[in-house]
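Taking it in order: structure first as structure tokens, then the write-up.
No lab work stands behind these numbers, since they all come straight from the coordinates. Bear in mind the structure is a predicted one, so any value in this text is a computation, not a measurement. Note that each Cβ is placed from the backbone with ideal geometry, even for glycine, and that neighbours are counted across all protein chains shown.
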Amino acid sequence: MNENVALFTIFGGTGDLAKRKLYPSLFRLYKKGNLGEHFAVIGTARREWSDEYYRDIVRETIEALEPTKEEADAFASHFYYQSHNVNDTEHYDTLKRLSDELDQKYQLEGNRIYYLAMAPQFFGTIVKHLKSQKILTENGFDRLIIEKPFGTDYETAYKLNEEIRAVFPEKDIFRIDHYLGKEMIQNISAIRFANNIFEAQWNNRYIDNVQITFAESLGVEDRGGYYEDSGALKDMVQNHILQVLALLAMEPPVTFSEAEIRAEKVKALKAIRLYNEEEALKNFVRGQYGPGSLDDQDFAGYREEPNVGETSQTETFAAGKFYIDNFRWSGVPFYIRTGKRLTEKGTRINIVFKQVPINVFKDDIEHCEEKNDLPPNVLTIYIQPTEGFSMTLNGKEIGQGFKTDPVKLDFRHSAEVTGNSPEAYEKLLLDGLNGDGTNFSHWDEVAQSWKIVDIIRQAWDKTAVDFPNYSAGTMGPKSAFDLLKADGFQWIWEPDIWYRERGKLE
């Protein structure tokens with residue numbers, strides 16, 4: 001196994017992301033040998049911490065991974081702390097001296113990764129100082145990893161990108177979307193391109209509709225202030241959902257390489273129909289959760305959460321319908337939905353196949369709403385919390401006659417397998433070390449995603465909705481169900497039905 005040699009500088013090193021995700025992921029890479037003795041980490045933030053205190057924090061963040069004391073101490077010894085004001089030029093001079101010292105001490109060959117785990121308004125300032133104070137090296141690589149949100153609309157994203165591109169070329173910019181590091185997201189390509197049974201039918205001749213659901217059972221918790229400026233559309237649709245849609249819809253790449261995959265994803269995103277504002281209001285709906293109860297547990301409404309306005313018009317739920325105007329997907333609706341305080345936490349994709357041309361069993365069907373319809377064949381890709389996939393087929397019910405009965409072919413990764421598989425941030429950090437941008441967002445993808453979402457946002461901002469319009473614990477407002485019903489479809493995943501049938505949800 002190749003040992004990676006690099007200096008990580010984490011801006012926002014005292015923050016929640018660094019402690020929950022980055023330090024445990026770096027330790028996993030260290031324990032597996034992807035990081036050896038030739039690496040170092042500089043954590044920077046405004047707080048006045050010492051190296052020793054910082055190392056104690058790092059040890060705490062990896063306790064759940066059950067390292068030996070020797071492992072924890074050896075790992076933490078590579079961490080150094082610098083109190084840092086991102087607007088103070090002198091602090092960058094101090095950062096350069098420390099970086100150069102560690103480069104020599106650990107023989108890092110000038111390889112540096114800068115991780116901006118901070119608010120986006122600081123990105124431009126930081127990268128300018130990295131260049132002006134000559135922290136960037138000449139003999140190794142300099143790579144920038146940045147977190148979402150990348151801008152708040154197309155204009156701000158473009159301005160931010162111009163600032164960053166003035167210092168870093170596109171090949172060295174790694175825009176993280178942690179969903180792209182999840183095992184089953186990466187498995188979408190394998191399911192499609194390694195199985196002719198699916199790829200041969202992956203088009204509008206055989207697929208009726210595609211459904212993408214990102215459901216969260218939690219509310220906004222302590223993120224009310226952030227969410228008031230974001231909402232479900234910007235927080236989830238602009239990045240995670242459109243990235244998944246691009247992977248589902250793209251054409252097969254010539255080779256499975258970063259450049260080819262990116263090119264096909266960009267083509268898919270550019271083929272998504274851009275609505276006018278009237279069409280956006282017709283094809284996209286929003287919701288905000290009010291008080292509710294599920295399984296004897298009561299929940300407050302969004303407007304009652306901390307740092308949320310009493311008359312807030314911020315959506316905690318978004319659902320809509322995309323069309324992809326190309327030869328493969330013409331006429332196939334891609335339905336998406338995402339929301340807070342829904343019935344269950346789950347991310348899943350449902351590929352709904354068309355019915356057989358003639359149903360010869362229609363006289364024997366009792367369990368379908370329409371006597372001449374069979375239940376559809378559905379390929380489900382489970383992304384979280386469980387990982388795997390299933391296929392729903394129609395078989396014959398045991399007994400006399402020819403009544404059909406849906407049969408589910410189901411595969412789920414075991415808890416042991418998922419527990420031992422690399423966490424998303426671990427994969428993405430290793431990709432960044434290796435200079436592989438396949439599972440990161442290219443600017444062309446970000447730009448097109450904002451162009452798509454901006455139209456919806458602008459249409460919504462000109463109209464008000466009578467919020468709240470769905471109860472906490474349900475699967476969203478009635479309008480999200482009506483959206484599919486108008487096309488003769490329904491959501492495949494409706495976990496709220498199970499709770500209602502048992503009197504656990506009104």
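Observations
- Candidates per GluC sites (Glu not before Pro) in the range 168-263, loop by DSSP, up to 10 other Cβ within 10 Å: 221
- Once C-alpha pairs closer than 8 Å and six or more residues apart are averaged by separation and normalised to the residue number of the chain, the relative contact order reads 17 percent.
- Taking a sphere under 12 Å around the Cβ of residue 279 and counting the other residues whose Cβ falls inside, with K and R at +1 and D and E at -1, yields a net charge of +1.
- Pairwise Cα distances in the range 51-131 exceed 15 Å in 67 percent of cases.
- Relative to the longest principal axis of the Cα atoms of the chain, helix 154-165 runs at roughly 30 degrees.
- Positive-end extreme of charge dipole, the chain - chosen from 98, 12, 453 (charges on Cβ): 453
- With a simple spin-label model that places each label point 7 Å from the Cα along the Cα-to-Cβ direction, the separation between residue 221 and residue 344 comes to 2.1 nm.
- A DSSP coil position with no more than 12 other Cβ atoms inside 10 Å describes the following trypsin sites (Lys or Arg not before Pro) in the range 420-506: 462, 502.
- Net charge contributed by nearby residues that have their C-beta within less than 10 Å of residue 73 (K/R +1, D/E -1): +1
- Were the residues from residue 133 through residue 77 laid out at 0.36 nm apart, the gain over their Cα-Cα distance would be 17.5 nm.
- Loop GluC sites (Glu not before Pro), the range 1-109 (other Cβ atoms within 10 Å of the site Cβ: 16 or fewer; DSSP): 3, 48, 109
- Label zone (residue 277, point 7 Å along Cα-to-C-beta; backbone nitrogen cut-off 13 Å) within the range 426-463: 455-463.
- A crude spin-label estimate for the pair residue 411 and residue 153, with each label 7 Å from Cα along the Cβ direction, gives 4.6 nm.
- Of 265/321; 403/504; 105/182, pairs whose Cα-Cα distance is over 27 Å: 403/504; 105/182
- For the range 438-485, alpha-carbon Rg over 2.2 N^0.38 Å: 1.62
- Figure legend: label point modelled 7 angstrom from the Cα of residue 296 along Cα→Cβ; residues of the range 467-506 with amide N under 14 Å from it are 503-505.
- The length gained on full extension between residue 461 and residue 328, counted as 0.36 nm times the residue separation minus their Cα-Cα distance, comes to 44.5 nm.
- Residue 31/residue 206 FRET efficiency (R0 51 Å; Cβ-Cβ; nearest 0.05): 0.65
- For the range 4-147, radius of gyration divided by Kirkwood radius, i.e. Rg to Rh on alpha-carbons: 0.94
- Size of electric dipole in the range 4-147: Cβ of Lys, Arg +1 and of Asp, Glu -1, about Cα centre, debye, nearest 20: 460 debye
- Förster radius 25 Å - calculated FRET efficiency between residue 354 and residue 485, Cβ distance, rounded to 0.05: 0.85
- Reducing the range 464-479 and the range 238-297 to their Cα centroids gives an inter-centroid distance of 21 Å.
- If you take all other residues with their beta carbon under 11 Å from the beta carbon of residue 325, and give Lys and Arg +1 and Asp and Glu -1, the sum is +3.
- Compared with the dominant Cα axis of the chain, that is its longest principal axis, helix 424-434 is turned about 50°.
- Rough spin-label spacing in nm, given labels placed 7 Å along Cα→Cβ, for residue 122 and residue 494: 4.7 nm
- Mean-position separation - Cα centroids, the range 146-225 and the range 126-143, in angstrom: 28 Å
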